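The values are calculated or read from the model by the stated rules, or taken from the named source; none is laboratory data. Owing to the predicted nature of the structure, the values given are computational and were not obtained by experimental measurement. Cβ placement follows ideal geometry from the backbone for every residue including glycine, while neighbour counts extend to all protein chains displayed. Keep in mind that these areas ignore ligands, DNA and RNA; they rest on the heavy atoms of the full protein, side chains included. Shrake-Rupley method; radii C 1.70, N 1.55, O 1.52, S 1.80 Å.
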Amino acid sequence: MGVEIGVGTSSPSGRRWRERRRLIVYYDGACSLCRRARDRVKRLDWLDLLEFVSFRDPEVIARHGLDAARLERRMQARLSRNGTIREGFEAVLLVVKRIPMLWPVLPALVLAKWTGVGRAAYDWVSARRHGAGLVRPRSKNI
């Protein structure tokens, strides 16, 4: 449940405000690092703008029209207002923009994006999460 800041959620304009900013985050539910990150971010999502969906759920790929091979490499985030999908470090930026407590790190993240360091770091961690024993082939805790 989100904290009501600024625009109330019960008013039509409050619901529209929230829906325009909602983000669906497709993450690897078989990855313990990914699940821990999801849990931490969910606790900070006071505005209730994020919905986390594991792409390991057998129906998610088809129902959401996703590319499984791309999701194996990078998480993805879909903007609710227009359906645009961003992946990897750009998806991380979209998540951070929706968490006011994380706004102080945004300038550093934007700089990391501009220099290419953010994408390289994200891809490095993502590529190694399998070898580090962070991903189980099949998880009941999706």
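So here's what we get for this one:
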read-out	value
Close pairs from the stretch 29-47: first under 18 Å from Leu93 (Cα atoms), partner in a helix (DSSP H, G or I), Cβ under 7 Å, at least 6 apart	Val41/Val95; Leu44/Met101; Leu44/Leu102
Selection within the stretch 63-87 - part of a loop (DSSP other than H, G, I, E, B), without any contact (Cβ under 8 Å) to a residue 24 or more places away in the chain and surrounded by 13 or more Cβ atoms within 10 Å (Cβ to Cβ)	Asp67
Counted residues, the stretch 90-106 - those being assigned to a helix (DSSP H, G or I) and either touching a residue at least 24 places away in the same chain (Cβ under 8 Å) or under 10 Å from the mean Cα position of the chain (by Cα) (or both)	10
Enumeration of residues in the stretch 85-112 that are touching a strand residue (DSSP E or B) at 6+ places or on another chain (Cβ under 7 Å) and over 14 Å from Val41 (Cα atoms)	Ile85, Arg86, Glu87
Subset of the stretch 108-127 (residues that are within 14 Å of Leu94 (Cα to Cα) and open to solvent by 90 Å² or more (accessible area, probe 1.4 Å))	Lys113, Arg119
Checking Ser32 against (1) open to solvent by 70 Å² or more (accessible area, probe 1.4 Å); (2) within 25 Å of Asp123 (Cα to Cα); (3) of a type in the set (S, T, N, Q), the condition it does not meet	(1)
Scan of the stretch 19-29 for residues that are open to solvent by less than 30 Å² (accessible area, probe 1.4 Å) and either assigned to a loop (DSSP other than H, G, I, E, B) or of a type in the set (D, E, K, R) (or both), ordered by number	Asp28, Gly29
Residue within the stretch 46-62 that is farther than 18 Å from Ser126 by Cβ, open to solvent by 60 Å² or more (accessible area, probe 1.4 Å), part of a helix (DSSP H, G or I) and modelled with pLDDT under 95 present	yes
